[in-house]
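One structure below.
The values are calculated or read from the model by the stated rules, or taken from the named source; none is laboratory data. Source: prediction; values computed, not measured. Here the Cβ positions follow ideal geometry from the backbone for every residue, glycine too, while neighbour counts run over all protein chains shown. With ligands, DNA and RNA removed, areas are computed over all heavy atoms of the protein, side chains included. Shrake-Rupley method; radii C 1.70, N 1.55, O 1.52, S 1.80 Å.
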Amino acid sequence: MGTKWRHRALPAAPLVLALLAAAGCTGTPDAKPGPTASPSASGARSVAQVCAKPTAGPAKAPAGAVPVDPGVVGDLAAKTRSNPPNTTFWLRPGKHRLEPDRYAQVMPKEGNRYLGAPGAVLDGRETNQYAFSGTARNVTIRHLTVQRFVAPHDEGVVNHDMADGWVIEHTKIQYNSGAGLMAGARQQVRASCLRGNGQYGMNAYKTGNSIRDLVVEGNEIVGNNTGDWERRRPGCGCTGGIKFWAVDGADIRGNWVHDNRGTGLWADTNNNDFRIEDNLIEANDGAALIYEISYNAVIRNNTIRRNNWVEGRRSAERGDDFPFATVYLSEAGGEPRVRARTDRIEVYRNVLENNWNGITLWENADRFCNSPANTSSGDCTLLVKDKDRCARPGIATAPLYADCRWKTQRVDIHDNRFVLDKSVVTCTVKCDRMAVLANYGTYPHWSPYKGGRVAEAITLEQHNRWHDNVYRGPWKFVVRDPSRVLEPGQWQGTPYRQDAGSTFQARDGG
């Protein structure tokens, strides 16, 4: 987990607007943690501004619902214990509290529903670690604010135990330590505000299992990683607006992901079959999107702007020539043998505007199953179940030579618009790059991937293609290693033959 490098105005796509307007996700943000005031400046009037104005819950208790009294400490947990599964609870307006014990928490029963009245808040008072926990399936939480819980590092406040089938809608999960929300299989998170949490807005991780069929739709994901964990634990790879681990099948659509400290959306370690579409991703300190040692994804119709200004600039100022990317595909590619809705990584019909760098395709030649250099040291590819097979002498021959490493392959980047105005980004160098590259393999001593083999493969042999794109601004192209920087004509010429059918306008701006 973690990558080789340290992580560190155009309208949104029409489908974003339609989805979010239908969900009632309109309004003006009431808290702006970073440089982006509102998407409305670009004409994107109906982006998911749900932190300011979430859809209100029922003002009266629905028929058959159990009312919960904010004036009685621990009333929600007590009534959950005393009522059967499939009970609906209606939280009255006001601030609800649990018992003043760090382990006091609500443990739902299967099929329970928790509905907040307008103004209903479950407040952990910086005392309780968890809000909702346990393994009960098919729990629903709607119209509720959950705040000021103090989950430990890597743990979450809502759905702490990663139960399956939960639905989180029209809910604010904010100002908590750790992750605001964990995830289980078939979880749906819609039209909710994940704001100002200490580590992640959501940590999509399930102990000992993969998560299947995750939906994240129409949410505002803003200002997370207030604890600045990448500085506290350099190279931990443990932050993001949302972090995804071993998720098999995810639809991430129509979200406004902005002003997070670090990466906006980060899929790390054996994720597969993602559709990331119709999102507005902007003004995150680091990359907008990282897809790392993972498989098969469609990334389309997203508006991605003003990302990576903090981390990209920091890397340039320290003299690092690595092309720190706004969309970073690290040892991630298409694999037909892993079942998904596509057998490639397809990146198309996106607008990338005034980010620090563009798209980087990367492979670390020293990172493979059973290598001490593999930062995901306990994991192997989805093609090899037993990492101990990835050793001498077998790893040097087929099929293990290919299957023991995650490969950036079958990436198809087309019909995108890339805009860069250096006067907007306020940079002079190292913010203007697309890249496809690898390091020189050196480690461990028994590695069959030493030398320039991986750099040659990712650049020329693994079916990674740019074509039919539009470029506005002084773009450059890095191939094989950071020292080889090409102008557009060289990029399009022999031997690379990239960006056939693309157009270039070299002046800044669009």
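For the range 346-363, which residues satisfy the criterion of being open to solvent by less than 20 Å² (accessible area, probe 1.4 Å), in a loop (DSSP other than H, G, I, E, B) and in contact with a strand residue (DSSP E or B) (Cβ under 9 Å, 6 or more places away or on another chain)?
The answer is Asn350, Asn354, Asn355, Asn357, Gly358.
Can you pull out the residues in the range 238-267 that are part of a strand (DSSP E or B), open to solvent by 10 Å² or more (accessible area, probe 1.4 Å) and among the basic types (Lys, Arg)?
The answer is Arg253, and nothing else.
Sort out which residues of the range 477-507 are charged (D, E, K, R) and open to solvent by 60 Å² or more (accessible area, probe 1.4 Å), and write them in order of number.
Selection gives Arg484, Glu487, Arg497, Arg507.
Quick one: which of Val189, Val158, Val216 is open to solvent by less than 10 Å² (accessible area, probe 1.4 Å) and either aromatic (Phe, Trp, Tyr) or in contact with a Gly (Cβ under 8 Å, 6 or more places away or on another chain) (or both)?
Val158
Just one of Gly180, Gly201, Gly227 is closer than 22 Å to Gln105 by Cβ and open to solvent by 10 Å² or more (accessible area, probe 1.4 Å); which is it?
Exactly one residue qualifies, and that residue is Gly227.
For the structure I just gave you, tell me whether Thr263 is modelled with pLDDT under 95 and among the β-branched types (Val, Ile, Thr).
no
Just to be sure before I move on: is Asn270 in a loop (DSSP other than H, G, I, E, B) and surrounded by 24 or more Cβ atoms within 10 Å (Cβ to Cβ) in the structure I sent?
When the stated conditions are applied, Asn270 does not pass them.
Could you please find all residues in the range 68-94 being assigned to a strand (DSSP E or B) and touching a Leu at 6+ places or on another chain (Cβ under 8 Å)?
Val68, Thr88, Phe89, Trp90, Leu91
Just to verify a result, which residue in the range 102-116, among those that are over 12 Å from Val150 (Cβ atoms) and among the charged types (D, E, K, R), is surrounded by the most Cβ atoms within 10 Å (Cβ to Cβ)?
The selected residue is Arg113.
Among the residues of the range 117-142, which ones are surrounded by fewer than 24 Cβ atoms within 10 Å (Cβ to Cβ), assigned to a loop (DSSP other than H, G, I, E, B) and not β-branched (Val, Ile, Thr)?
Residues satisfying the conditions are Ala117, Pro118, Gly119, Arg125, Glu126, Gln129, Ser133, Gly134, Ala136, Arg137, Asn138.
Kindly list, by first and then second residue, each pair from a residue in the range 67-86 that is of a type in the set (Lys, Arg) and surrounded by 13 or more Cβ atoms within 10 Å (Cβ to Cβ) to a residue that is at pLDDT 95 or above and part of a strand (DSSP E or B), limited to pairs with Cβ atoms under 7 Å and residues at least 6 apart or on different chains.
Here the result reads Lys79/Val66; Lys79/Val68; Lys79/Phe89, each pair linking the range 67-86 to a residue that is at pLDDT 95 or above and part of a strand (DSSP E or B).
Filter the range 392-417 for residues that are more than 21 Å from the chain's Cα centre (by Cα) and among the aliphatic types (A, V, I, L, M) and give the result.
Result: Ile395, Ala396, Ala398, Leu400, Ala402.
Out of Thr36, Thr55, I need the residue that is hydroxyl-bearing (Ser, Thr, Tyr), under 22 Å from Val167 (Cα atoms) and either at pLDDT 50 or above or open to solvent by less than 60 Å² (accessible area, probe 1.4 Å) (or both). Which one?
The match here is Thr55.
State all residues of the range 466-476 that are more than 20 Å from Glu346 (Cβ to Cβ) and either crowded, with 22+ Cβ neighbours inside 10 Å or in contact with a helix residue (DSSP H, G or I) (Cβ under 9 Å, 6 or more places away or on another chain) (or both); if no residue qualifies, say none.
Listed by number, the residues that qualify are Gly473, Pro474, Trp475, Lys476.
Restricting to the range 206-221, and then to whatever is modelled with pLDDT of 95 or more and part of a loop (DSSP other than H, G, I, E, B), can you tell me which residue is farthest from Gly178 (Cα to Cα)?
It comes out as Gly218.
Taking the range 453-465 as the region of interest, how many residues are in a loop (DSSP other than H, G, I, E, B) and either open to solvent by 40 Å² or more (accessible area, probe 1.4 Å) or under 19 Å from Phe368 (Cα atoms) (or both)?
2
How about the range 253-295: which of its residues are closer than 26 Å to Asn374 by Cα and in contact with a Lys or Arg (Cβ under 7 Å, 6 or more places away or on another chain)?
Gly262, Trp266, Asp268, Asp273, Asp285, Gly286
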